[in-house]
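Note sheet for the following structure.
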Amino acid sequence: MRKKSILITGAAGEIGDALIRSLAQSATNQVITLDIRPLPPEISQMVTHVQGDLLDQALLARLVSEYEIATIYHLAALLSTRAEFTPEAAHKVNVEGTLGLLKLASEQSLWRGEPVQFIFPSSIAAYGMPDLETKAKFPHVREWEWNYPTTMYGCNKLYCELLGTYYSHNFRQLAAEKPVMLDFRSVRFPGLISAFTVPSGGTSDYGPEMLHAAAKDEAYACFVREDTIIPFMAMPDAVKALLGLAAAPASGLSRTVYNVTSFSLTAAEFRDQVVRAFPGAQISFDPDLKRQGIVDSWPAGLNDHDAQRDWGWKPDYDLERSFGEYLVPNIRSRYQD
Ligand code: AKB
């Protein structure tokens, strides 16, 4: 008998770390993780880790022969800044990797006679605001607005949302009389901030980098202008969103892709929060044209009304609680130990 399992790809990344810790609290979850990198030792005992490449079809086939995968959290991706340096490699991981997994999940759904649930974190990068005036005029974008990404990563995310929707609504195995579709669900995240991990390769990274640098008493030159504004979210809320969407009854869902957000602030306001907690912080602004252009194309905020209505989404951490109760105390104790 194969064991019913949850598969997490890209598990060694920031969201993976937090998601594993949360899922491991329930003894009923058998969690298989996949990443090209090893897992940090503190979390590797909580799961069965497979170190390997998402693009390795033989490896995926071996996984489904050993485990009955009922849910997939597909976190693996090359983030926005990194993807601009190697766009074709990013396309391979972000699109081909996702396509292979969607195909496998669809076949598994048919085989089980029950949909495999496929949870896909998408991003504000799926949006592309044409200029700063438009960005200011439409501060809370809806899911279907301004879907004109300017980065390889954003194009990949938007397309994979569509691919997932295709596999869950339109794909038919021609030979199957009663096709069973996979159950694809996606959230578009703002920039995420964790107290326990530091991001790499993203463009919203200036926020968390500023904070972690201040806690370590290191100077930080922020790569965007002071007036740059995007939405952010504390990592516990990101995990809450993934698990909340996964747990929602399918009958209540009116979309496959939902915006979720928590708070928006400018880079200067972010700096002020950091300085409030770490008065000695040395933060300067030295915008990088390319990265500035990416963040300027992202919306100032997201309208997450549909997520609130359909599955009761509500962040636990607003700006005050994120900094005051989650980020600052945990980051402080992390670097003091
Ligand atoms: C990135 O900066 O690429 C990510 C994202 C906003 O999706 N953090």
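Some notes on this structure:
- Converting phi to 3J(HN,Hα) with the Karplus coefficients 6.51, -1.76 and 1.60 and the offset θ = phi - 60°, the range 139-148 yields x, 10, 7, 8, 4, 8, 8, 6, 7, 10 Hz in sequence order, with x at every glycine or proline.
- 3J(HN,Hα) from dihedral phi, the range 9-25, Karplus parametrisation 6.51/-1.76/1.60, rounded to Hz, x for glycine, proline: 8, x, 5, 7, x, 5, 5, x, 4, 5, 5, 4, 4, 6, 5, 5, 5
- Pairs of Lys residues in the chain are counted when their Cα atoms are under 21 angstrom apart and they lie 8 or more places apart or on different chains; the count is 11.
- Sorted fewest first by neighbouring Cβ atoms within 10 angstrom, W144, W111 come out as W144, W111.
- About its Cα centre, the chain has a charge dipole of approximately 800 debye under the convention of +1 per Lys or Arg Cβ and -1 per Asp or Glu Cβ, with nothing else charged.
- Positive-end residue, the chain charge dipole about Cα centroid, Cβ charges, pick of S322, T256, G16: T256
- Phi-based couplings in Hz for the range 207-214 (Karplus 6.51, -1.76, 1.60; Gly and Pro marked x): x, x, 4, 4, 5, 5, 5, 4
- The chain, relative contact order [Cα under 8 Å, separation at least 6], %: 18 percent
- Stokes-Einstein D for the chain, Kirkwood Rh over Cα pairs, 25 °C, 0.890 mPa s (µm²/s): 120 µm²/s
- Over the range 1-126: Kirkwood hydrodynamic radius from C-alpha pairwise inverse distances, Å: 14.9 Å
- Unit Cα scatterers, Debye sum, the range 238-337: log10 I(q)/I(0) for q = 0.14, 0.16, 0.19, 0.21 Å⁻¹: -0.75, -0.91, -1.07, -1.14
- For the chain, the mean residue ellipticity at 222 nm estimated from helices alone is -11500 deg cm²/dmol, where every DSSP H run of n ≥ 4 contributes -39500 (n - 2.57) and the total is divided by all residues, rounded to the nearest 500.
- Amide H contacts of T228 (H built 1.01 Å from N, under 5 Å, at least 5 apart or other chain): A267, A268
- Evaluated with a Cβ-only charge set (Lys, Arg +1; Asp, Glu -1), the range 230-337 carries a dipole of roughly 160 debye about its Cα centre, given to the nearest 20.
- Lys, Arg +1 and Asp, Glu -1 on Cβ, resulting dipole of the range 104-223 about Cα centre, debye, nearest 20: 320 debye
- Among beta bridges that DSSP assigns inside the chain, antiparallel share in %, nearest 5: 10 percent
- Put simply, the amide H of L302, placed in the peptide plane, has neighbours under 5 Å in V141, leaving out anything fewer than 5 places away on its chain.
Here, each number is a calculation from the coordinates, and none is a lab measurement. The structure displayed is predicted, hence computed values, not measured ones. All Cβ positions, glycine included, derive from the backbone under ideal geometry; neighbour counts span all protein chains shown.
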